[in-house]
Every structure is written in C-alpha cells, then in structure tokens.
Amino acid sequence: MANYTGIAATTAAVANRFVTTTNMIVGAYTIANASPVWQGGCLVTITHTSVTGTDTLGTITIVGTGVDNQPLSETITPLADAVATSTKAFRTVTSATGAGWVINTGNDTLVIGCAAGSIAAVGSGVLYGIVVNTTAAAAITVSDSKRTIATLASSIANGHYLYGPGVEFAGFLRVATTSTNDITVIHSGSLPASIA
C-alpha cells in the first residue's frame, strides 16, 4: 500500500523554528511553532552560543510526535558553540525542557529548529515515485540515511517520475528543495528500523 507526502514549501533549514533566541534554562522553553514550515518531519537542531565563557550545557528533552503521528521524545546534549542534531524525525514539537544547565559567567543562549529536508517516512520502505505538480523552480533531492536516491533538476516539467517497481530506502526518506516547489512523494508507510 502506498502513502504520499505533499510538499509545497521550501525545506531549507530554519535554525529558530521551534525556540527563538533565548537564555539557556533549567525548565521549559517557550515553543514558537509546533511543526516545520513544510509537510513531513524534520531532524531537530539545537544551536548553542557562548556569551562569557561556556556554561555547563546539560541536556534538552524534545517531546512531540513523529512522522507517523505517534508520541516521540529524544534527549539531546547541546554542543558548545555548535549545532547538535536529533537522531529522530519529529513532525511536531510540543515541548523542549532543559536539565543540568549551570551558568558560568553570563547566560549562554540557544535556538531550537529544523535541519534541512522534509522527512516523509522513517525506518525502511519503498519510494515509488515523485509527482511534480508545478514546474520545479529549484532542484529536488531525494535521499535516505545512506545515499542520494534521485535528483530532479530545476525547471523540470510537471509530471510523474516513477521508479519502476520502487526503490528501497533505509533510515528515513528525505526530500530537500530550496524553493516552494509543489511536489508529491509516493512511498510506503514508515516501517520500524528493525525491518530494514
């Protein structure tokens, strides 16, 4: 049985999508937006900035739902003056809670956002095709956790681009584009990674 994910927005990274610039805290952060700009899920990013010396960063627990709409959580350890990325794909983020943070001299800051690319499915599965609903303004790259599966060039005409009986993907199925292309990705549903 095939599922589909429609994507009609850029899938460029948005570093502050879930939590805008704020001081690090022990406790709940204010969620600015509950989902990525695009349809599908994303890997969550935490970008840390030192202010006066680096604080003891602790951890941040992200709670929400996965691309299959099931409850999902992950605890992420921020990286000093760098970006830490979740290993799980979130469709929504309902809370972000800091623990173990200890101030050094001045409050370090952070933002929580989305890595680039819409994640249509997780685990293992099959990509059956891509429908370009409107002539693509920018290239569309489809990949899984191991490789690039297909790249559709910018200005490609609208139509169906099918992949024979299907192409297997593992880990996740991610679609990346830097424009508001209107596409539909036809794929199997999310399957547990243990089946991969």
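The values are calculated or read from the model by the stated rules, or taken from the named source; none is laboratory data. It should be emphasised that the depicted structure is a prediction, and the values quoted were computed from it without experimental measurement. Virtual Cβ from ideal backbone geometry, glycine too; neighbours counted across all protein chains shown.
Values as computed for the structure displayed
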{"quantity": "Pick from region 129-188, criterion polar (S, T, N, Q), under 23 Å from V67 (Cβ atoms) and outside any strand (DSSP E or B), ranking: nearest to the chain's Cα centre (by Cα)", "calculated": "S145"}
{"quantity": "Odd one out for T77, checked against (1) within 16 Å of the chain's Cα centre (by Cα); (2) exposed (fewer than 15 other Cβ atoms within 10 Å of the Cβ)", "calculated": "(1)"}
{"quantity": "Any hit, region 56-78, residues being in a loop (DSSP other than H, G, I, E, B), over 25 Å from I186 (Cβ atoms) and hydroxyl-bearing (S, T, Y)", "calculated": "yes"}
{"quantity": "Residues being more than 22 Å from G98 (Cβ to Cβ) and assigned to a loop (DSSP other than H, G, I, E, B) - total across region 14-55", "calculated": "4"}
{"quantity": "Near pairs, Cβ below 7 angstrom, 6+ apart or cross-chain, from region 104-118 (closer than 16 Å to T87 by Cβ) to any residue that is among the charged types (D, E, K, R) and surrounded by 24 or more Cβ atoms within 10 Å (Cβ to Cβ)", "calculated": "G117/R174"}
{"quantity": "Output for region 26-49, where each listed residue is in contact (Cβ under 8 Å) with a residue 24 or more places away in the chain, surrounded by fewer than 16 Cβ atoms within 10 Å (Cβ to Cβ) and either touching a Gly at 6+ places or on another chain (Cβ under 7 Å) or not β-branched (V, I, T) (or both)", "calculated": "V26, G27, A28, A34"}
{"quantity": "Region 99-128: number of residues that are crowded, with 19+ Cβ neighbours inside 10 Å and more than 30 Å from Y163 (Cβ to Cβ)", "calculated": "6"}
{"quantity": "Residue match in region 159-180 (condition: small (G, A, S), exposed (fewer than 15 other Cβ atoms within 10 Å of the Cβ) and at negative phi)", "calculated": "no"}
{"quantity": "Close pairs (9 angstrom Cβ cut-off, 6 or more residues apart or separate chains): among the basic types (K, R) in region 171-196, in a helix (DSSP H, G or I) and modelled with pLDDT of 90 or more anywhere", "calculated": "none"}
{"quantity": "Residue count for region 87-97, restricted to those that are surrounded by 20 or more Cβ atoms within 10 Å (Cβ to Cβ) and of a type outside the set (D, E, K, R)", "calculated": "4"}
{"quantity": "When residues of region 95-128 are limited to those that are hydroxyl-bearing (S, T, Y) and more than 15 Å from the chain's Cα centre (by Cα), the one nearest to T20 (Cα to Cα)", "calculated": "T109"}
